[in-house]
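Here the structure comes first, spelled out in structure tokens, and everything after it is commentary.
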Amino acid sequence: MKNKLSLIALGLIAATPAFASQQSESQGFVDDSHLDVFLRNAYINRDYQDGLKDKAEWGQGIVATFESGFTQGVVGFGVDGIAQYGVRLDGGRGRSGAGGIDFFAQDNDGRAKSDLAKFGATVKARFSNTVLSYGTQRPALPILTADDSRLLYETYTGTLLTSKEIDGLEVNAGYFTDEQRKSDDSHNSGLESISFGGASYQFNDQFSGAIYASHIEDVMNKQYLGLNYKQPFSTGQQLVLDFNGYNSRLTPGYAESLDTGRSNSIWSLAASYIWDIHTFKIAYQQSSGSTGYNYGGYRNQGGVGDGGNTIWLANSYWSDFNGEDERSWQASYGLDFAGLGLPGLSWTTAYVRGDNIKTSQTSNGKEHEWFNQVQYQVQDGVAKDLKFKVRYSVLRVSNNASDYNVSGNEVRVYVEYPFNVF
């Protein structure tokens with residue numbers, strides 16, 4: 001056994017290309033440090049159908065992130081920090097509280113919090129091209145992705161190891177014991193623990209892949225496989241194939257609490273053709289098993305606890321098209337107005353239709369969504385990088401699938417401004 005381990009170690013060393021390590025190029029704790037500030041004004045409105053009460057929230061958020069450099073030497077040390085503050089501008093009693101909005105959590109009296117203040121810090125150490133960190137983290141991995149798509153950021157507390165010792169290979173492993181909800185300043189989301197590991201590898205300029213697995217205590221085990229292939233044809237033209245798939249197994253107790261089965265497999269395959277300023281995409285997504293795909297949410301609300309963006313699938317807009325046995329098709333078109341003399345302006349529209357949804361009432365529930373998004377980013381001048389984003393979705397769900405999803409119209413308006421202090 002020892003000989004086998006030695007041979008594996010020698011193989012890894014031999015495979016490692018002779019390139020300088022990040023730590024050997026460190027300029028020091030201060031010289032490599034930077035402070036960034038992100039301003040976001042966000043509004044979201046959901047006009048629900050079927051007699052449900054409409055929900056809307058509006059807020060102003062500010063996020064400051066500090067990242068130090070690493071001290072010089074064989075092993076470098078550093079410190080990171082994050083401070084978040086949000087002010088509610090609208091969305092009081094009766095209009096807040098929708099899970100999918102989640103700008104400001106509600107107090108016991110049913111009122112949304114008027115403001116939020118959250119802080120976190122991380123200590124880190126680096127050897128060669130490997131970083132070990134502990135503290136407040138925002139993982140962005142297919143089996144654990146902290147949500148940053150609302151007003152403030154979702155964060156986790158724990159340990160993360162990221163290694164890039166072999167060119168093209170990134171290995172990640174971690175263990176987190178706390179999840180801080182994006183709409184709350186407390187640390188009582190109920191997460192027991194989540195442990196995970198996996199790797200992504202860039203095989204060549206065209207082909208890459210990733211494989212990950214996670215264990216969420218008292219909830220489930222999950223595995224992920226992702227493959228991406230890019231085939232350029234000529235200047236300005238490219239075909240992109242993107243496969244993403246998850247396999248999940250719920251614990252008996254968690255499945256019983258949801259009154260559902262324990263197993264789910266879900267995958268999507270998207271083909272995008274990029275032709276100059278145009279992007280045409282078609283996608284197919286398939287869910288199978290005795291339950292739908294479960295992700296995100298908060299343990300104290302019956303959720304999973306693995307991050308609000310942990311769904312790296314093609315057909316995920318307002319609806320995720322992830323019901324039990326659901327299958328869905330997408331047709332999408334994107335336009336980059338830079339080729340028409342308007343750099344920074346883009347438009348995306350998509351239509352997704354799902355059927356075969358299994359619920360307590362039927363085995364063929366249906367839903368469909370029409371998604372539109374217009375985005376503009378200032379290209380230069382004093383307001384460089386200022387971004388305006390407007391999103392509009394129309395979602396309709398058949399009556400016999402109402403216990404899976406709800407119909408409605410959604411509007412999101414975001415104004416975002418990131419800038420570097422130093």
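Mind telling me which of the residues N244, N228 ends up being surrounded by fewer than 20 Cβ atoms within 10 Å (Cβ to Cβ), more than 19 Å from N356 (Cβ to Cβ) and not aliphatic (A, V, I, L, M)? Before you say what the answer is, go through the steps one by one.
Working: N244 fails: surrounded by fewer than 20 Cβ atoms within 10 Å (Cβ to Cβ).
Of the residues listed, the single one that is surrounded by fewer than 20 Cβ atoms within 10 Å (Cβ to Cβ), more than 19 Å from N356 (Cβ to Cβ) and not aliphatic (A, V, I, L, M) is N228.
In the range 277-303, of all residues being more than 14 Å from I266 (Cβ to Cβ) and aliphatic (A, V, I, L, M), the one that is most open to solvent (accessible area, probe 1.4 Å) corresponds to I282.
When only residues in the range 147-180 that are among the hydroxyl-bearing types (S, T, Y) and out of contact with any Ser or Thr (no Cβ under 8 Å at 6 or more places or on another chain) count, which is surrounded by the most Cβ atoms within 10 Å (Cβ to Cβ)?
Going residue by residue through the range 147-180, those that are among the hydroxyl-bearing types (S, T, Y) are 149, 153, 155-157, 159, 162-163, 175, 177.
From what is left, the residues that are out of contact with any Ser or Thr (no Cβ under 8 Å at 6 or more places or on another chain) are 149, 153.
Working: S149: 14, Y153: 22.
Result: Y153.
Select from the range 84-94 the residues that are modelled with pLDDT of 80 or more, surrounded by fewer than 18 Cβ atoms within 10 Å (Cβ to Cβ) and over 22 Å from the mean Cα position of the chain (by Cα) and write down the one among them that is nearest to E410 (Cα to Cα).
Once the filter is applied, the top-ranked residue is D90.
Hey, does the range 255-268 have a residue that's small (G, A, S), surrounded by fewer than 17 Cβ atoms within 10 Å (Cβ to Cβ), out of contact with any Ser or Thr (no Cβ under 8 Å at 6 or more places or on another chain) and assigned to a strand (DSSP E or B)? Looking for residues that are small (G, A, S), surrounded by fewer than 17 Cβ atoms within 10 Å (Cβ to Cβ), out of contact with any Ser or Thr (no Cβ under 8 Å at 6 or more places or on another chain) and assigned to a strand (DSSP E or B), one finds none in the range 255-268, hence no. With A121, A117, A140, A112 as the choices, which residue is modelled with pLDDT under 90 and small (G, A, S)? That would be A112, the only listed residue that is modelled with pLDDT under 90 and small (G, A, S). Residues that are at pLDDT 95 or above, in contact with a strand residue (DSSP E or B) (Cβ under 6 Å, 6 or more places away or on another chain) and not aliphatic (A, V, I, L, M) occur at least once in the range 187-195.
Counting only strands (runs of 3 or more DSSP E) wholly contained in the range 307-382, the ones carrying 2 or more residues that are at pLDDT 95 or above, over 27 Å from H278 (Cβ atoms) and open to solvent by 20 Å² or more (accessible area, probe 1.4 Å) occupy 345-357. State whether the residues of the range 67-77 include one that is within 29 Å of V390 (Cα to Cα) and out of contact with any Cys (no Cβ under 7 Å at 6 or more places or on another chain). Among the residues of the range 67-77, not one is within 29 Å of V390 (Cα to Cα) and out of contact with any Cys (no Cβ under 7 Å at 6 or more places or on another chain), which makes the answer no.
Within the option set L269, L250, being at pLDDT 95 or above and over 23 Å from A140 (Cβ atoms) holds for one residue only, L250.
Listed conditions (1) free of Cβ contacts under 8 Å to residues at least 60 places away in the same chain; (2) in contact with a helix residue (DSSP H, G or I) (Cβ under 9 Å, 6 or more places away or on another chain) are all met by G323, apart from (1). Under the condition of being more than 24 Å from the chain's Cα centre (by Cα) and either farther than 15 Å from D276 by Cβ or acidic (D, E) (or both), the residues counted in the range 225-241 number 1.
Once the range 40-68 is narrowed to residues that are in contact with a strand residue (DSSP E or B) (Cβ under 6 Å, 6 or more places away or on another chain) and part of a loop (DSSP other than H, G, I, E, B), the residue that is surrounded by the most Cβ atoms within 10 Å (Cβ to Cβ) is S68.
Got at least one residue in the range 188-202 being over 15 Å from T157 (Cα atoms), without any contact (Cβ under 8 Å) to a residue 24 or more places away in the chain and surrounded by fewer than 21 Cβ atoms within 10 Å (Cβ to Cβ)? There is no residue in the range 188-202 that is over 15 Å from T157 (Cα atoms), without any contact (Cβ under 8 Å) to a residue 24 or more places away in the chain and surrounded by fewer than 21 Cβ atoms within 10 Å (Cβ to Cβ). Filter the range 205-223 down to residues that are acidic (D, E) and within 25 Å of Q238 (Cα to Cα), then give me how many there are. Counting residues in the range 205-223 that are acidic (D, E) and within 25 Å of Q238 (Cα to Cα) gives 1. Filtering R126, R138, R150 for residues that are in contact with a helix residue (DSSP H, G or I) (Cβ under 8 Å, 6 or more places away or on another chain), basic (K, R) and on the phi < 0 side of the Ramachandran plot leaves a single hit, R126.
The values are calculated or read from the model by the stated rules, or taken from the named source; none is laboratory data. Note that this is a predicted model, so its numbers are computed, not measured. Cβ coordinates were reconstructed from backbone atoms using ideal geometry, including for glycine residues, and neighbour counts include every protein chain displayed. Side chains are part of the model used for accessible areas, which takes the heavy atoms of the whole protein and leaves out ligands, DNA and RNA. Shrake-Rupley method; radii C 1.70, N 1.55, O 1.52, S 1.80 Å.
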